[in-house]
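What follows is a short report on a single structure.
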Amino acid sequence: GSLSFPSPSSAAPPSSLFLVNRVRRGSHSRFHPDLQLKFPERRESNYDSAMSMFAAFAKPKRDDALERKCEDAVDRLVDLNINFLAIDFDQTMIDVHTGGRWKETVPELAQHLRPLFLHLVPAATSRNIRIAVVTFSPQTKHIREVLEHAFPDIAEKIPIRGNDGTWSYEGNGMRAGKQEHMASATEELLAKPELGVTNITKYTTLLIDDDPKNIKKALKDRTRAVWINPRDPNRLLDDILSLR
């Protein structure tokens, strides 16, 4: 059957966090210094070796403080009974906006992954919080390869919903913003009982996105949502800890 994020009709909207400060999109293009590698020019003969280089060496420096704070944020999500994180890709999981037109190598794209999510995604997954990437980008193949190299043990458990024409949402829920992306990803997760998630609702979902419009639409549809500031991404963890 179709899914439209069921929620109790008598319940008040969840107390969610929405920061209204506007940011200039597409203004962050530097690589993380901890992840910088030099890759060969994009030739088919060099591509596999570039991917091997990334898999072997593109590891973030261990940041114990960040790792502990991610674990604290996950503890808060568990306390709130959140079992599904829907994470945007451009300017959220990565620190650039590709516009859905990334022309460099996948290893170069993976260099833009924020260390925050390199810690948060595995920490959440270890507590049986499911993850999905929800994006307007059509380059879902690139995103899948980035996930496979960043999270080799859990990438196959992460649905991706992008504007690539490979899926459709047939439910009765809101389609604006990232709502239909989240609903479709939820359908996939619930169809795989081996993942251990049997019930995902709007109240057990948290959207993380850099676009205030998507946050507003989620909140209007009674879905929890937190805005990530691309200029201060680690502040996201404080905002998660402040959720009620």
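Here is a list of conditions, (1) without any contact (Cβ under 8 Å) to a residue 24 or more places away in the chain; (2) closer than 13 Å to Ala132 by Cα, and Glu188 meets all of them except one; can you say which number that is?
(1)
So Gly177 ticks every box in (1) within 19 Å of Val74 (Cβ to Cβ); (2) within 16 Å of the chain's Cα centre (by Cα); (3) not in a helix (DSSP H, G or I) but one. Which box is left unticked?
Tallying (1) within 19 Å of Val74 (Cβ to Cβ); (2) within 16 Å of the chain's Cα centre (by Cα); (3) not in a helix (DSSP H, G or I), Gly177 fails exactly one: (1).
Which condition from (1) outside any loop (DSSP other than H, G, I, E, B); (2) open to solvent by 40 Å² or more (accessible area, probe 1.4 Å); (3) out of contact with any Phe, Trp or Tyr (no Cβ under 6 Å at 6 or more places or on another chain) is the one that Trp167 breaks?
Going through (1) outside any loop (DSSP other than H, G, I, E, B); (2) open to solvent by 40 Å² or more (accessible area, probe 1.4 Å); (3) out of contact with any Phe, Trp or Tyr (no Cβ under 6 Å at 6 or more places or on another chain) one by one, Trp167 breaks only (1).
For residues in the stretch 170-180 being at pLDDT 95 or above and more than 25 Å from Asp232 (Cβ to Cβ), which is most open to solvent (accessible area, probe 1.4 Å)?
Filtering the stretch 170-180 for residues that are at pLDDT 95 or above and more than 25 Å from Asp232 (Cβ to Cβ), the one most open to solvent (accessible area, probe 1.4 Å) comes out as Glu180.
Give the stretch 204-223 a look and list any residue that's closer than 16 Å to Ile82 by Cα and touching a strand residue (DSSP E or B) at 6+ places or on another chain (Cβ under 7 Å), or say none.
Those that are closer than 16 Å to Ile82 by Cα and touching a strand residue (DSSP E or B) at 6+ places or on another chain (Cβ under 7 Å): Thr204, Thr205, Leu206, Leu207, Ile208, Ala218, Leu219, Thr223.
I want to confirm something. Restricting to the stretch 225-244 and keeping residues that are of a type in the set (Lys, Arg) and assigned to a loop (DSSP other than H, G, I, E, B), which single residue is surrounded by the fewest Cβ atoms within 10 Å (Cβ to Cβ)?
Arg244
Of Ile200, Ile208, which residue is in a strand (DSSP E or B) and crowded, with 21+ Cβ neighbours inside 10 Å? Can you show your working first?
Working: Ile200 fails: in a strand (DSSP E or B).
Every option except Ile208 fails the conditions.
Could you say whether any residue in the stretch 127-149 is among the acidic types (Asp, Glu), surrounded by fewer than 22 Cβ atoms within 10 Å (Cβ to Cβ) and part of a loop (DSSP other than H, G, I, E, B)?
no
The values are calculated or read from the model by the stated rules, or taken from the named source; none is laboratory data. Note that the coordinates shown come from a computational prediction; the quantities given were computed from them, not determined experimentally. With ideal geometry, Cβ positions are generated from the backbone for all residues, glycine too; neighbour counts draw on all protein chains shown. In case anyone asks, the SASA skips ligands and DNA or RNA and just uses the protein heavy atoms, side chains included. Shrake-Rupley method; radii C 1.70, N 1.55, O 1.52, S 1.80 Å.
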